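A short worksheet on the structure shown next.
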Amino acid sequence: MYLKLTVVGLLLLGWTNLAIVFLLVNVIIISFGKRFFAGFCTNFASEYNVASNSLKIELFKELNDMNKGEQISILEIGAGPGANFKYFDREAVVQTVEPNLHFAKYFDENRSKFPKLDIKDIKEGFGEDLSAAGIADASVDAVVMTLVLCSVQDQLKCLEEIKRVLKPGGKFFYIEHIIGEEGSIIRTVHKLLMIGGFWPFMADGCCTDRATDKVMETAGFGKLEQKKYDLPISEDAAIPFKLCGGIVKPHLMGVATK
């Protein structure tokens, strides 16, 4: 819809060459976007881990302390290249569900580094329908999502699925970027980026205007602990990370217990 309106508008203004370029870019993104996005996200994830290292250690400490001495079952939704595996410092069976299988090469390279973890082959699927990926009711001790709730089609449906697959007392660990606070400049930027679906189109469905903290409060977990913070970005970080990190600077992390 927005693509057609843009192209028509450019043609009416007599900017034919620009309309052609716009269409070509659209075709390239549709054809190769997921492959490119997998490569970009793998690089981004490495720098993100550097920036978020202490925060991820803090978040996953509770996961590493669960059922001490036992091998637990972990499900990671939107595992991408497996950037969180290094924080699972325990014996565990790890299942992953990922809609973009262009991550598989990076995923396989990464999982070989963690022999303590029994990491199963990546499964194609979506957070809103984990049963389609073969994840049974009350079958996992922990679910992990980092920077994924920003791009699912239906956050509440995804959270219902997470509650379904968690065992009683199971825990959901998450880190997400969220929309900026009321009255802030970054909130205005977040809303502008969503006009015409620009940012979701460029970033494989990522949305900058989601108040995931509010959604979590209504999701019906038995216990919820979460906190907001700003993503720490080093002055030494690469320029692409500074740009993207600046856009998603408002953050949220938490643990929800079924």
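The values are calculated or read from the model by the stated rules, or taken from the named source; none is laboratory data. Owing to the predicted nature of the structure, the values given are computational and were not obtained by experimental measurement. Because the Cβ atoms are built from the backbone with ideal geometry, glycine has one as well, and the counts that use them run over all protein chains shown. Surface areas here come from the heavy atoms of the whole protein model, side chains and all, with no ligands, DNA or RNA. Shrake-Rupley method; radii C 1.70, N 1.55, O 1.52, S 1.80 Å.
Structure values in brief
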quantity: Charged-residue dipole, Cβ positions (Lys, Arg, Asp, Glu), the chain about Cα centre, Debye nearest 20; calculated: 180
quantity: FRET efficiency, Leu243 to Ser139 (Cβ-Cβ, R0 41 Å, nearest 0.05); calculated: 0.55
quantity: Computed over the stretch 136-177, Kirkwood Rh from alpha-carbon pairs, angstrom; calculated: 10.6
quantity: Solvent-accessible area per residue, Å², over the chain with all protein chains present [probe radius 1.4 Å]; calculated: 52
quantity: For the chain, calculated [θ]222 nm from helices alone, where every DSSP H run of n ≥ 4 adds -39500 (n - 2.57); calculated: -13500 deg cm²/dmol
quantity: Residue-span extension gain [Met194 to Asn43] - 0.36 nm each, minus C-alpha spacing; calculated: 51.9 nm
quantity: Carbon/sulfur fraction of accessible area - the chain, other protein chains in place, 1.4 Å, %; calculated: 60
quantity: Dipole moment magnitude, nearest 20 debye, the stretch 129-258 about Cα centre, only Lys, Arg, Asp, Glu C-beta charged; calculated: 220
quantity: GNM flexibility winner over the chain from Val165, Val94, Val50 (Cα, springs under 10 Å); calculated: Val50
quantity: Charge-dipole axis of the chain as Lys and Arg at +1 and Asp and Glu at -1 on Cβ define it, positive-most pick from Ile72, Phe126, Gly254; calculated: Phe126
quantity: Segments 131-137, 248-254, 146-152 sorted - mean Cβ within 10 Å per residue, highest first; calculated: 146-152, 248-254, 131-137
quantity: Estimated FRET transfer efficiency when R0 is 51 angstrom, pair Lys68-Met202 (beta carbons, to 0.05); calculated: 0.70
quantity: Gain on full stretching of the segment that runs from Lys34 to Lys167 - 0.36 nm per residue minus C-alpha separation; calculated: 44.6 nm
quantity: Sites matching trypsin sites (Lys or Arg not before Pro) across the stretch 53-157 that sit in DSSP coil, with at most 13 neighbouring C-beta atoms within 10 Å; calculated: Lys68, Lys113, Lys116, Lys120
quantity: Under 14 Å from the Ser234 label point (7 Å along Cα→beta-carbon), backbone N, the stretch 52-91; calculated: 52-55
quantity: Tensor-based shape of the stretch 178-234 (alpha-carbon gyration tensor, a/c under 1.5 rounded, otherwise prolate or oblate); calculated: prolate
quantity: Answer label for P(r) over Cα pairs in 10 Å bins from 0, in percent (calculated), chosen among (1) 7, 28, 36, 20, 7, 2, 0; (2) 6, 25, 30, 24, 12, 3, 0; (3) 7, 31, 37, 21, 3, 0; calculated: (1)
